[in-house]
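Quick notes on the structure that follows.
Values in this text are rule-based calculations from the coordinates and carry no lab data. Note that the structure is predicted; figures quoted are calculated from it, not measured. Glycine gets a Cβ as well: all are built from the backbone with ideal geometry, and neighbour counts include every protein chain shown.
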Amino acid sequence: MKTLIKNGYLITVDASDTCGEGCVLVENDTILYAGPEENAPQEKADRVIDAQGGIIMPGFVNTHTHVPMTMMRGYADDLALMDWLQNHIWPAEAKLTEDAVYWGSMLAMCEFAAAGVTCFSDMYNFNAQIARAARAAGLRAMIAVAVLDIDGGGDARLKNAEEFFDLVKGERRITAAIGPHAEYTVSPEMFGRVRDFAAKHDARIHVHVSETRQEHADCLARHGKTPIGLLECLGVLELPVMAAHCVYVSDDDMDIMAKYGVSVLSCPGSNLKLGSGVPRVAEMIKRGVNVSCATDGAASNNNLSMMEEMTLTALLQKGICQDASLIPAKTAVRIATVNGAAALGMSHLIGSLEAGKQADLIVIRTDGVRWCPRANLLNHLVYSGSDSDVMLTMVGGDIIYQDVRIMFGDVEEIKAKASQYAAKLFA
Ligand SMILES: [Zn+2]
């Protein structure tokens, strides 16, 4: 099966940030060609899609999510992290069931598809249901089993993790990871066990780090080390680590992260909404840290728009550092795509439009008034575009969203089911 997407403007996000008019030829799940139409292989395509002058680019990689939290959207807003978590989110999560998680996850899949997200990296419980939803939708996913032992449930969660790793072994689009929740919910002993688990399974470690000033200070008081310093000391950073938030990491922390290749999963929208602060992304990049961006769960964002996160990442750094040259548009696009692929250890597979990579790509309509004049489509993408401009989302050659239509399910049914289960969580 060959698909030709023609008449587009390519933002390839390759090593040279190549942009320009062109087309993409896909065979089954793989990109055969991405470049100017005149150089394209003259092969007959089974399916031809006219991009109508719109942008063709790699899909967004949303590196830190808790997908079932779409069901908690709007139930607890305008609260600080700990109040929000302890008094609202954790009590609701205690009522979750397998079906609730599945339908909440399906709601997130619809939102991802419509927002051009082709891959997400999640941390939560009920992982089999999240995988089931990702499979049903056709999304690519790295799903981390959340581990915490503050409540004495550490052993059971590690056992869950073993089962989940077995469940998704060999799947093409779903990869398992291990997710020690954070320094304040996971004991040093458990971090050691998680490290051993990750080493045994050749898995990535997904962890919340220095999200709030209080968390960072408490860790210093408890251990005499920052969360990153503690993870280094416990040997966790010897393995591939994806660190969400990193709002309060110190300069030394950043150097440690660069040294070990720790990737940052920055969630500026969630950090702003929970009043946590603004991560020093520009400084991290300067010090050689790989920075990706993400939405976090929909209960603290309150949507799953990567275009918003990409824009926020750029604007916040310019604003807090009073330097408009920081995070130029092309860097913001890399943060939302190829850097996310690197964070997930998937650079060889996804993150850019290059022959041989998986056909995880999106087409963005550029005929709206916000895209006029067509002075610089890359800059428009970051500073003027919006999710509603996404016209097509493709994962591994499969179209999962096209022209405002979800291809993998009945959106009205998914919305109704998710709403029904959400009401029970907050009854
Ligand atoms: Zn989170």
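In table form, for the structure just shown:
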{"item": "Region 97-163 pair-distance distribution - Cα-Cα, 5 Å bins, rounded %", "result": "4, 18, 26, 22, 15, 9, 5, 1"}
{"item": "Long-range HN-HN contacts of LEU10 with modeled amide H, under 5 Å", "result": "GLY20, GLU21, GLY22, ILE56"}
{"item": "Compactness relative to 2.2 N^0.38 Å, alpha carbon Rg of region 269-427", "result": "1.16"}
{"item": "Pairs of alpha carbons in region 60-343 whose separation is greater than 35 Å (percent)", "result": "8"}
{"item": "Amide proton proximity set for ILE400, modelled H, under 5 Å, gap of 5+", "result": "THR393, MET394, VAL395"}
{"item": "Reach of LYS169 by Cα under 17 Å, taken over lysines that are not fewer than 8 positions away in the same chain", "result": "LYS159, LYS200"}
{"item": "Cross-link partners of LYS286 among lysines (Cα-Cα below 16 Å; sequence separation of 8 or more within a chain)", "result": "LYS259, LYS318, LYS330"}
{"item": "Residues of type lysines that LYS424 reaches as a straight line, Cα spacing below 16 Å, ignoring anything fewer than 8 places off in the same chain", "result": "LYS95, LYS415"}
{"item": "Ratio of the Cα radius of gyration of region 77-124 to 2.2 N^0.38 Å, where N counts its residues", "result": "1.38"}
{"item": "Region 117-233 - Kirkwood radius from inverse mean 1/r over Cα pairs (Å)", "result": "14.8"}
{"item": "For region 213-268, convex hull volume per residue from C-alpha positions, Å³", "result": "72"}
{"item": "Order of ASP410, ASP253, ASP149 - criterion: other Cβ atoms within 10 Å of each residue's Cβ, fewest first", "result": "ASP410, ASP149, ASP253"}
{"item": "Among SER16, SER347, SER250: highest mean-square fluctuation, GNM of the chain, C-alpha pairs under 10 Å", "result": "SER16"}
{"item": "Whole-number Å³ per residue for the convex hull built on Cα positions in region 360-399", "result": "67"}
{"item": "Sequence-distant residues sharing a close amide H with TYR33 (under 5 Å, placed H)", "result": "LEU25"}
{"item": "Under the span-like rule (Cα at least 18 Å along the axis, Kyte-Doolittle mean at least -0.5), DSSP H helices of the chain", "result": "98-114, 154-168, 306-321, 411-425"}
{"item": "Most fluctuating residue given options ALA133, ALA100, ALA80, as computed from a GNM of the chain linking Cα atoms under 10 Å", "result": "ALA80"}
{"item": "Computed helical MRE - 222 nm, the chain, DSSP H runs ≥ 4 contributing -39500 (n - 2.57), nearest 500", "result": "-10500 deg cm²/dmol"}
{"item": "Gain on full stretching of the segment that runs from SER187 to ASP252 - 0.36 nm per residue minus C-alpha separation", "result": "21.1 nm"}
{"item": "Separation of alpha-carbon centers, region 1-53 and region 104-131, rounded to whole Å", "result": "27"}
{"item": "Value in Å of the Kirkwood radius, where region 1-156 supplies the Cα pairs that are averaged", "result": "18.3"}
{"item": "Separation of alpha-carbon centers, region 213-270 and region 348-367, rounded to whole Å", "result": "31"}
{"item": "Given 12 as the ceiling on other Cβ atoms within 10 Å, longest exposed-site-free region of the chain for trypsin sites (Lys or Arg not before Pro) in DSSP loops", "result": "173-373"}
{"item": "Angstrom value of the Kirkwood radius, inverse mean 1/r, which spans all Cα pairs in region 244-344", "result": "13.3"}
{"item": "Share, in percent, of DSSP beta bridges within the chain that are antiparallel, nearest 5", "result": "45"}
{"item": "Per-residue ³J(HN,Hα) for region 66-79, Karplus 6.51 cos²θ - 1.76 cosθ + 1.60, θ = phi - 60°, Hz, x for Gly and Pro", "result": "9, 4, x, 6, 4, 5, 9, 4, x, 7, 8, 10, 6, 10"}
{"item": "Whole-Hz ³J(HN,Hα) from phi, Karplus 6.51 cos²θ - 1.76 cosθ + 1.60, for region 279-288, glycine and proline x", "result": "x, 8, 4, 4, 5, 4, 5, 4, 8, x"}
